[in-house]
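Colleague: Next up is a structure, given as structure tokens.
The values are calculated or read from the model by the stated rules, or taken from the named source; none is laboratory data. Here the structure is a predicted model, which is why all the values come from computation and not from measurement. Neighbour counts run over all protein chains shown; Cβ positions are idealised from the backbone, glycine included. Note: areas computed on protein heavy atoms with side chains; ligands, DNA, RNA excluded. Shrake-Rupley method; radii C 1.70, N 1.55, O 1.52, S 1.80 Å.
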Amino acid sequence: MIAPRLELRTTPSRALAFLVPVLSVVSAFVVAGLVLYAAGANPLHAYVQMMLGAFGSVHNVAEVLVKATPLMLTGLGVMVAFRVGFWNIGAEGQLYMGAFAATLAVLQGWELPGVGFLPTMALAAAAAGGLWALLPAVLKLRLHTNEILTTLLLNYVAILFVAYFLYGPWKDPLTLNFPMTKRFPDAAQLPRFFDTRLHWGFVLAVVLAVCFYILIERTRWGFAITVVGENPRAAAYAGIDVLRTVLIAAVISGGLAGLAGMVEVAGIQLRLVHGISPPNAPYGYTAIIVAWLARRRPLGVVVVAALLGALYVGGEALQIGMKVPTAIVLVVQAMILLFILGGQVLSRYRVVLRREERADVTV
């Protein structure tokens, strides 16, 4: 019997490294075009509409970067965790806890003299997200609990915890029963650019990506988390404190996701609202795709987050301009991501057909 198998490529091919992503994107658009055609839309017109919706004006480009900002921060957080071998699926909950802590700083009046609320909000958000990630890390290292389950379940705890305050003590009575807090004062709002919604959180995300590129690629700490992620036993044998390295990376991972929550409430919503993360593509879960497509590289996270932001904004334009159902837009986005992920697998592995002998079993 002939069966296909995947074998790791021992000698990476530069041609494949270039051709596979290109062919993946082209194949994705071809298949997604068939889906659009089946839905009654002209695929070429649809793609033109998506391109114009994402890059047709300064306002549209700003919206792409607005969508990309939380994906950069959560993607960086997930990337750090994945590097060290801590499978953090809880960036969504850490984002919510960061938004909660930033809002708490505003409502409690924790304003630093001369600098306003924003530094306090950022510190509170990073600390809350980091502590929310620290709990499953400790459970993993001390009790050998599966961090995929604990981080995932803590997402629901965080979302419901924030919802309690929004429907209860923090609810603004002037918002016609909508679950949201009072609007933040001007000192607690991130400044915006060019009369658009693009805010300084984008600059923060890019600066942090560059900093983490230097930390991971050029420092001993970056080498340590990579070794721990690849082989914890070898790292311990080399004298690396595995426990401390994983805990620090987990706190940093959650802290970055917490900062994403802070920039959303301070830069976009200007208050804490129910559902600060899009229901169809939550930032914390999409961050897993961002980190994976970026191959766990900080600068790659920036590029992938921007591409996904363009997909989101272009998809919204497609839905409005051509009256395409929301489900079809999500299918198109999913097809593109699926083909790119599949292309990454083929660039690292090759399919080999091998004959397998079936053993005769007699009873």
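Colleague: Which stretch or stretches of region 261-298 have amide N atoms under 14 Å from the point lying 7 Å from Tyr167's Cα along the Cα→Cβ direction?
Modeller: Answer for region 261-298: 274-275.
Colleague: Another question, if that's okay. Report the per residue volume, in Å³, of the convex hull enclosing the C-alpha atoms of the chain.
Modeller: It is 220 Å³ per residue.
Colleague: Across region 343-349, in residue order, what do the Karplus-derived ³J(HN,Hα) couplings come to in whole Hz, using 6.51 cos²θ - 1.76 cosθ + 1.60 with θ = phi - 60° and x for Gly and Pro?
Modeller: These are the phi-based 3J(HN,Hα) values: x, 5, 5, 5, 6, 9, 10 Hz.
Colleague: How high is the relative contact order of region 1-140, in percent, counting Cα pairs under 8 Å that sit 6 or more residues apart?
Modeller: Value for region 1-140: 14 percent.
Colleague: Normalised by the number of residues in the chain, what is the relative contact order in percent for Cα pairs under 8 Å and 6+ residues apart?
Modeller: That works out to 38 percent.
Colleague: Amide H neighbours of Ile276 under 5 Å, counting only residues 5+ apart in sequence or on other chains, H built in-plane at 1.01 Å?
Modeller: Counting only residues 5 or more places away or on other chains, the set is empty.
Colleague: So for each of 84-91, 347-354 I average, over its residues, the number of other beta carbons within 10 Å; can you give me the resulting order with the highest mean first?
Modeller: Final packing ranking: 84-91, 347-354.
Colleague: In angstroms, what radius of gyration and Dmax does region 139-178 have, counting Cα atoms only?
Modeller: Gyration radius and largest Cα-Cα distance of region 139-178: 15.9, 48 Å.
Colleague: Quick one: the Cα spread of region 74-206 along its three principal axes, in angstroms, biggest first?
Modeller: 46, 35, 29
Colleague: Something else about it: In whole percent, how big is the carbon plus sulfur part of the accessible area of region 89-187, probe 1.4 Å, protein atoms only?
Modeller: Accessible surface attributable to carbon and sulfur in region 89-187 totals 71 percent.
Colleague: Starting at 0 and stepping by 5 Å, how many percent of the alpha carbon pairs of region 119-190 end up in each bin?
Modeller: Percent of Cα pairs in each bin: 3, 14, 15, 17, 18, 14, 9, 6, 3, 1.
Colleague: May I ask which residue of Pro113, Val352, Ala281 lies farthest towards the positive end of the charge dipole of the chain, with charges of +1 (Lys, Arg) and -1 (Asp, Glu) on Cβ and the Cα centre as origin?
Modeller: Value computed over the given set: Val352.
Colleague: Right, here's the next one. For region 151-190 and region 238-287, compute the distance between their C-alpha centroids and round to whole Å.
Modeller: Centre-to-centre distance over Cα atoms comes out at 17 Å.
Colleague: With the Cα gyration tensor of region 251-363 in hand, convert its eigenvalues to equivalent ellipsoid semi-axes via √(5λ) and list them largest first in whole Å.
Modeller: 37, 21, 15
Colleague: If you plug each phi of region 32-37 into the Karplus form 6.51 cos²θ - 1.76 cosθ + 1.60 with θ = phi - 60°, what whole-Hz ³J(HN,Hα) values come out, in order, with x for Gly and Pro?
Modeller: Residue by residue, region 32-37 yields 5, x, 5, 5, 5, 5 Hz.
Colleague: A further question on this structure: Cross-link candidates for Lys171: which lysines have Cα within less than 16 Å, leaving aside residues fewer than 8 places away along the same chain?
Modeller: By straight Cα distance, Lys171 reaches Lys182.
Colleague: Rg and Dmax of region 191-259, Cα atoms, in Å?
Modeller: In order Rg, Dmax, the Cα atoms of region 191-259 give 16.2, 55 Å.
Colleague: If one computes the Cα centroid of region 72-98 and of region 21-37, what distance in Å separates the two points?
Modeller: When both Cα centres are located, 30 Å separates them.
Colleague: Report the FRET efficiency, 1/(1 + (r/R0)^6), for Val206 and His59, where r is their Cβ-Cβ distance and R0 is 25 Å, rounded to 0.05.
Modeller: The pair Val206/His59 has a calculated efficiency of 0.80.
Colleague: Tell me, what ³J(HN,Hα) does each residue in region 194-208 have, in order and in whole Hz, if you take phi through Karplus 6.51 cos²θ - 1.76 cosθ + 1.60 with θ = phi - 60° and put x for Gly and Pro?
Modeller: After applying 6.51 cos²θ - 1.76 cosθ + 1.60, I find 6, 6, 10, 8, 5, 10, 5, x, 5, 4, 4, 5, 5, 4, 5 Hz.
Colleague: Can you compute the modelled spin-label distance between Arg350 and Arg295, with each label point 7 Å from Cα toward Cβ, in nm?
Modeller: Placing both labels 7 Å along Cα→Cβ, they lie 1.8 nm apart.
Colleague: Express the Stokes-Einstein translational diffusion coefficient of region 1-140 in µm² s⁻¹, to the nearest whole number, given a Kirkwood radius over alpha-carbon pairs, 37 °C and a viscosity of 0.692 mPa s.
Modeller: D = 165 µm²/s.
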